[in-house]
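The values are calculated or read from the model by the stated rules, or taken from the named source; none is laboratory data. These numbers were taken from a predicted model, which means no experiment stands behind them. No Cβ is skipped: glycine too gets one built from the backbone with ideal geometry, and neighbour counts run over all protein chains shown.
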């Protein structure tokens, strides 16, 4: 008689025992085997599941379960891929020994790998972890946060989604590292503050308000933000450390959105002249930072081309 082998895979990122009804049905109906003791096996035993720890290879497992109508192999946190591969190869050679099926008892919810990020970072900054990370501060990491953000910006500008995925991971590393080194708050506080902010500032999504136009949604966001921050000026909250060209554009944008008509300085000197150029770009619907960046990069290519031209004969 061929044995039915259910290879049961579960998410290690969910609470032990949080499984589908189908998974619980097979766990209660058939003998269960697993390679190691863990929180999942303990939870199942607590619920009366017949579970045996079996430290063996695929052939040894087949010898143990030979003749049984059905059994369950509970995969560990890594999914026991090598064991499943060995078992599949063995049954491919002798299909009459058993029939194997894969069952997912639970799945990672969206964002589950973020738990892994936090766990890895906690290990790195713990005693015995990475000495370099342990000695960092918010101040020493500040430039890295800017650098990683610029690299993500480059990936966007280059239209490279694979590079963007990697660079956003580096930005996330900075966020999680700052949270791990903080005193008085954790990454959960960072996430909780963000969640609360998104819910408050999007009442058209979370509070049943009518959405309206994009302009109305933006205006409502600004109103809610002003009420939260209780700021005295339309310029409060602008990141003053951003590049000067972007800073000038942001100041002009805030003044315009605040309905303020402030005369620009007379073009007496380079600074005022540049500010007027930024204002003219905004009036024309152009991004002055992006325009200057494109011009600078084009000039950089011309410089590289000139470097490759040999001296005149």
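Descriptive notes on the structure:
- Any hit, the range 224-235, residues being in a loop (DSSP other than H, G, I, E, B), over 26 Å from residue 202 (Cα atoms) and touching a helix residue (DSSP H, G or I) at 6+ places or on another chain (Cβ under 8 Å): no
- Long-range neighbours under 8 Å by Cβ, at least six apart or interchain, first residue within 19 Å of residue 262 (Cα to Cα) within the range 217-242, second surrounded by 11 or more Cβ atoms within 10 Å (Cβ to Cβ) and at pLDDT below 85: 234/257; 234/258
- Qualifying residue in the range 178-192 (condition: modelled with pLDDT of 90 or more, in a helix (DSSP H, G or I), exposed (fewer than 12 other Cβ atoms within 10 Å of the Cβ) and outside the structural domain of residue 142 (by TED's automatic domain parsing)): no
- Cβ-Cβ contacts under 6 Å between residues 6 or more apart (or on different chains), taken from a first residue in the range 17-28 that is surrounded by 13 or more Cβ atoms within 10 Å (Cβ to Cβ) to a second residue that is in a helix (DSSP H, G or I), are listed as 17/43.
- Residue selection: residue 248 satisfies the criterion of being assigned by TED's automatic domain parsing to the domain that holds residue 271, in contact (Cβ under 8 Å) with a residue 12 or more places away in the chain and not in a loop (DSSP other than H, G, I, E, B).
- Residues that are surrounded by 13 or more Cβ atoms within 10 Å (Cβ to Cβ) and touching a helix residue (DSSP H, G or I) at 6+ places or on another chain (Cβ under 6 Å) do occur in the range 41-52.
- Here residue 27 fulfils each of the conditions (1) closer than 25 Å to residue 107 by Cβ; (2) in a loop (DSSP other than H, G, I, E, B) apart from (2).
- The set of residues in the range 98-116 that are in a loop (DSSP other than H, G, I, E, B) and either modelled with pLDDT of 95 or more or surrounded by 12 or more Cβ atoms within 10 Å (Cβ to Cβ) (or both) comprises 105, 106, 107, 108, 112.
- Tally, over the range 158-177, of residues that are farther than 20 Å from residue 113 by Cβ and surrounded by 13 or more Cβ atoms within 10 Å (Cβ to Cβ): 1
- Of all the listed residues (124, 87), the sole one being assigned by TED's automatic domain parsing to the domain that holds residue 188, assigned to a helix (DSSP H, G or I) and in contact with a helix residue (DSSP H, G or I) (Cβ under 6 Å, 6 or more places away or on another chain) is 124.
- Residue count for the range 261-307, restricted to those that are outside any helix (DSSP H, G or I) and either assigned by TED's automatic domain parsing to the domain that holds residue 156 or surrounded by 12 or more Cβ atoms within 10 Å (Cβ to Cβ) (or both): 5
- One residue alone among 116, 108, 188, 170 is under 30 Å from residue 76 (Cα atoms) and in contact with a helix residue (DSSP H, G or I) (Cβ under 8 Å, 6 or more places away or on another chain), and that residue is 170.
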